[in-house]
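Written out below as structure tokens is the structure these notes cover.
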Amino acid sequence: MKLPKDYRPAPDLLKDKIILVTGAGDGIGKVAAKTFAAHGATVVLLGRTQSKLEQVYDEIETLGGPQPAIYPFNLEGAAHKEYQDLRNVLEETFGVLHGLVHNAGELGERTPVENYSPDAWMRVMQVNLNAPFLLTQALLPLMERADNASIVFTSSGVAYQGRAFWGAYAASKAGQENFMQTLADELDEASSIRANSINPGATRTRMRATAYPAEDPTTVPTPEAHMPLYLYLLGDDSVGISGQQFQA
Ligand code: NDP
């Protein structure tokens, strides 16, 4: 699916909403966090590098958005209990969650399956697939309390069709798409929570530069270009849309 043509998000689209973004310290997640705040959301900045999260926090304060929250969290190593602790902190602080953006991702190795390091494979699966499951499961009770909460998964072109040398990354993104569909189907009748995925496509970030070192970055769209779609899916304009795969 695509963003409705001529979509214009209202300036206060996300007013009074609490939205958690994983990998909020860099790349697409950083721009999404700032964009959500600029549209009125209180953003929970989750990521593994505190200094980067602090930088985003400062930028949101400078632009006059609602005071964000920082939650340093390593999705690679976190145990089940740490997800419960996160839920408890969010429950005490906000009592509710309106949006969850599974954005953090690891590229892993770009190498044939035969050479793929098993440790690297496990790490990519943990960050890109297992962590979104654990986080979703932990936070669903807080999202049930919101009117029309939204969960967004971050996909990739290699999720739909595997490609040579994309190993665990492709498999993890395919798994994430399938998990999104399972979740959306379960929530369909039982809840007002919706779940969808976005494939950002080529985007000018550190990950893209690592995957395509020879590419001229100025030929690749910036994360800002995708923000209307992110806003659409997080705001109430997309209520009723669930289980869908969006292309940025
Ligand atoms: P970046 O590498 O720029 O940002 C990824 C973010 O995820 C960083 O903030 C990083 O933290 C965080 N992260 C990585 N591992 C962990 C971890 N173990 N725990 C917590 N946070 C972690 O990538 P992009 O912005 O490009 O990617 C964002 C999403 O978009 C990813 O899911 C990616 O797969 C997807 N995507 C990107 C495309 C592109 O062309 N850029 C194309 C298709 C999909 P830190 O800053 O501390 O390293």
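The values are calculated or read from the model by the stated rules, or taken from the named source; none is laboratory data. Because the structure is predicted, anything quoted here is derived from the model rather than measured. As a convention, Cβ positions derive from the backbone with ideal geometry for all residues, glycine included, and neighbour counts pool all protein chains shown. Keep in mind that these areas ignore ligands, DNA and RNA; they rest on the heavy atoms of the full protein, side chains included. Shrake-Rupley method; radii C 1.70, N 1.55, O 1.52, S 1.80 Å.
Structure notes:
- Any hit, the range 133-155, residues being open to solvent by 10 Å² or more (accessible area, probe 1.4 Å), more than 10 Å from the ligand (Cβ to nearest atom), more than 23 Å from Asn196 (Cβ to Cβ) and not hydrophobic (A, V, I, L, M, F, W, C): no
- Residue check, Ile241 open to solvent by 20 Å² or more (accessible area, probe 1.4 Å), among the aliphatic types (A, V, I, L, M) and either under 30 Å from Asp119 (Cβ atoms) or at pLDDT 95 or above (or both): yes
- Apart from one condition, Ser155 fits all of (1) touching a Lys or Arg at 6+ places or on another chain (Cβ under 7 Å); (2) free of Cβ contacts under 8 Å to residues at least 60 places away in the same chain; the exception is (2).
- The requirement of being farther than 25 Å from Lys34 by Cα, open to solvent by 60 Å² or more (accessible area, probe 1.4 Å) and within 11 Å of the ligand (Cβ to nearest atom) is satisfied by Arg123.
- Hits in the range 82-116 (condition: over 30 Å from Leu14 (Cα atoms) and part of a helix (DSSP H, G or I)): Val113, Glu114, Asn115
- Search result, residues across the range 187-225 that are open to solvent by 80 Å² or more (accessible area, probe 1.4 Å), in a loop (DSSP other than H, G, I, E, B) and within 12 Å of the ligand (Cβ to nearest atom): Arg204
- Of all residues in the range 71-96 being free of Cβ contacts under 8 Å to residues at least 40 places away in the same chain and among the polar types (S, T, N, Q), the one that is surrounded by the most Cβ atoms within 10 Å (Cβ to Cβ): Asn74
- Only one of Gly47, Gly23, Gly29, Gly77 that is of a type in the set (Gly, Ala, Ser), within 10 Å of the ligand (Cβ to nearest atom) and at pLDDT below 95: Gly77
- Verdict on His102 being touching a residue at least 60 places away in the same chain (Cβ under 8 Å), in contact with a Lys or Arg (Cβ under 8 Å, 6 or more places away or on another chain) and open to solvent by less than 60 Å² (accessible area, probe 1.4 Å): no
- Qualifying position, being more than 28 Å from Asn199 (Cβ to Cβ), in a loop (DSSP other than H, G, I, E, B) and open to solvent by 60 Å² or more (accessible area, probe 1.4 Å), among Asp6, Asp16: Asp16
- Residue check for Gly162: touching a residue at least 24 places away in the same chain (Cβ under 8 Å) and either open to solvent by 10 Å² or more (accessible area, probe 1.4 Å) or closer than 29 Å to Pro68 by Cβ (or both): no
- Screening the range 53-70 for residues that are surrounded by 19 or more Cβ atoms within 10 Å (Cβ to Cβ) and in contact with a Leu (Cβ under 9 Å, 6 or more places away or on another chain) and picking the one that is nearest to Phe94 (Cα to Cα) gives Pro68.
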